[in-house]
Amino acid sequence: MSTYAKTWKRTFLLSEAVLQNAICEADAGKQQGGQLIDSQGAFSASVFMLPPTAIERRNALDTCLLKPAFESLLGDDKIYPFLCADDFLRVAGFQGSNKFELPYGIKRAEQFFRLALSRLQNCGLSSEEDSIACRRCVVVGNGGVLRNKTLGEKIDSYDVIIRMNNGPVIGYEEDVGRKTTFRLSYPESIFSDPIHYDPNTTVVLIVFKPRDLKWLWEILGGQKISAKGFWKKPALNMIYKSSQIRILDPSITRKTAYEWLHFPTRFPKKEKPKHPTTGLIAITLAFHICHEVHLAGFKYDFTDRNSSLHYYGNETMSQMMQNEYHNITAEQKFLKKLIDKNFVVNLT
């Protein structure tokens, strides 16, 4: 067994008894969305078809009769962005996510996805977003370029407003607005202070490791949370209702990394693997649910190490330059392409 596999098994696997009880509690059985799986969550058939429910969800994204400016970038490869408990295994098989490990697929984490999804009440877009044929969206980054831009009112005018991590709106309304439709987060970046609670926000969990799914299952079940296995302390309480939470399909993250940023599937042993930032993943999400995409807060001043990294707080660009887990150069190059080709409108 590889070192990775041993570490994964030792660090993230639930005990056999706890896992079995959890599976029974989820009432998932061994028949998942029409696709038989064995006791280890492995697929028992090699032929996958997109189930009717998944087709309906994906078709619901294409309600606008006008072609988006970014059509040539996306083509016909439309992905419904949220996983659903009843058919996520079949969808993964259809999209190839069963061949990739996290954060780019579900391989070796099928049971954790099943458990986490069993805690969620639904997997759809909100009824308000469903009713809009041609969605105008803005993806609001956390960049310091938003300071003193007074874009708040304009940002709030969009049909869908996508934010990320713990970028606050309270106290910054004039520059970044008040409304949030979707907020992409992971356990280490999700809000835990009730002051930030918004009943109209849907939180989209980006899963980077099996521990993230175990965290969601535990926290929604009112269980004690262990901080072990996280790069920094995760949220120990959930301020959102389970009906407000979605799990992002790893296919979205995979498309961002491999197709658009052209990351290698394997990095040299001496080099730390690079992953897309939450901001780039948020833009990819927007391309799959929106007809028109605008950006704000994605410009960085690399010439001044002391310039503000975020529109909030005191972090500077020097900290971004030290980050070994993202390829900011590749991301800025991709963003420039989106803007130059008029695939998006850049507000900042």
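Under unit Cβ charges (Lys, Arg +1; Asp, Glu -1), what dipole magnitude, rounded to 20 debye, does the stretch 3-346 have relative to its Cα centre?
That gives a dipole near 1240 debye.
Measure off 7 Å from each Cα along the Cα-to-Cβ vector at residue 157 and residue 136, then give the distance between these two points in nanometres to one decimal.
Going from the residue 157 label point to the residue 136 one covers 0.7 nm.
Using θ = phi - 60° and the Karplus form 6.51 cos²θ - 1.76 cosθ + 1.60, what ³J(HN,Hα) does each residue of the stretch 65-74 get, whole Hz, x for Gly and Pro?
Each residue's phi maps through the Karplus curve to give 7, 8, 7, x, 5, 9, 4, 5, 6, 8 Hz.
Multiply the residue separation of residue 236 and residue 323 by 0.36 nm, subtract the distance between their alpha-carbon atoms, and state the gained length in nm to one decimal.
The span from residue 236 to residue 323 would gain 28.8 nm if fully extended.
Go ahead and estimate [θ] at 222 nm for the chain from helices alone: -39,500 (n - 2.57) per DSSP H run with n ≥ 4, summed, over the residue count, rounded to 500.
Value at 222 nm, helices only: -8000 deg cm²/dmol.
Tell me the label-point distance for the pair residue 77, residue 224, using the 7 Å Cα-to-Cβ offset, in nm and rounded to one decimal.
For residue 77 paired with residue 224, the spin-label model returns 4.6 nm.
Quick one: which residues, 5 or more positions from residue 345 or on another chain, have an amide H under 5 Å from its amide H? H modelled 1.01 Å from N in the peptide plane, none for Pro or chain starts.
Result for residue 345 returns 293, 294, 295.
Where both residues lie in the chain, what percent of DSSP beta bridges are antiparallel, nearest 5?
Rounded to the nearest five, the antiparallel share is 20 percent.
So, R0 is 25 Å and r is the distance between the beta-carbons of residue 150 and residue 66; what FRET efficiency does that work out to, to 0.05?
The formula returns an efficiency of 0.25 here.
Within 10 Å of each candidate Cβ there may be at most 14 other Cβ atoms; applying that plus a DSSP loop requirement, which chymotrypsin sites (Phe, Trp or Tyr not before Pro) in the stretch 227-272 survive?
When the chymotrypsin sites (Phe, Trp or Tyr not before Pro) of the stretch 227-272 are filtered for loop state and at most 14 Cβ neighbours within 10 Å, 231 remain.
Listed highest first by mean packing, meaning other Cβ atoms within 10 Å per residue, what order do 170-180, 330-340, 274-284, 291-301 come in?
Packing proxy ranking, top to bottom: 274-284, 291-301, 170-180, 330-340.
What would the Debye equation give as log₁₀ I(q)/I(0) for the chain at q = 0.10 Å⁻¹, counting only Cα atoms as equal point scatterers?
The Cα Debye sum returns log10 ratios of -0.60.
Would you grab the residues whose amide H sits under 5 Å from the one on residue 247? Only those 5+ places off in sequence or on another chain, please, with H modelled 1.01 Å from N.
Close amide H contacts, sequence-distant or interchain: 83, 205.
I'd like the Karplus ³J(HN,Hα) series for the stretch 111-122: coefficients 6.51, -1.76, 1.60, θ = phi - 60°, whole numbers in Hz, and an x wherever there's a Gly or Pro.
Working through the residues one at a time gives 5, 5, 4, 4, 5, 4, 5, 5, 7, 8, 7, 7 Hz.
Comparing 88, 287, 267, which has the greatest mean-square fluctuation in the GNM of the chain with Cα pairs linked when under 10 Å apart?
So, out of 88, 287, 267, the one fluctuating most is 267.
Pairs of Cα atoms under 8 Å, at least six residues apart: use those to get the relative contact order of the chain, whole percent.
20 percent
Between 105, 167, 229, where does the largest GNM mean-square fluctuation fall for the chain, given springs only between Cα atoms within less than 10 Å?
Among 105, 167, 229, the largest mean-square fluctuation in the Gaussian network model of the chain belongs to 229.
Could you compute the FRET efficiency for residue 306 and residue 86, with r as their C-beta to C-beta distance and R0 at 56 Å, rounded to 0.05?
0.65
Step through the residues of the stretch 255-272 one at a time and calculate ³J(HN,Hα) from phi using the Karplus curve (6.51 cos²θ - 1.76 cosθ + 1.60, θ = phi - 60°), rounding each to whole Hz and writing x for Gly and Pro.
4, 4, 6, 8, 8, 9, 9, 6, 5, x, 6, 9, 9, x, 4, 7, 10, 6
Taking Cα centroids, how far is the stretch 208-247 from the stretch 276-305 in Å?
For the stretch 208-247 versus the stretch 276-305, the Cα centre distance is 25 Å.
Taking the chain as a Gaussian network, where each spring joins two C-alpha atoms under 10 Å apart, which residue of 56, 271, 218 fluctuates the most?
Of 56, 271, 218, the most mobile in the Gaussian network model is 271.
Any read-out appearing in this document is the output of simple, stated calculations on the displayed coordinates, not a laboratory observation. Everything numeric here is computed off the predicted structure, so don't read it as measured data. Glycine gets a Cβ as well: all are built from the backbone with ideal geometry, and neighbour counts include every protein chain shown.
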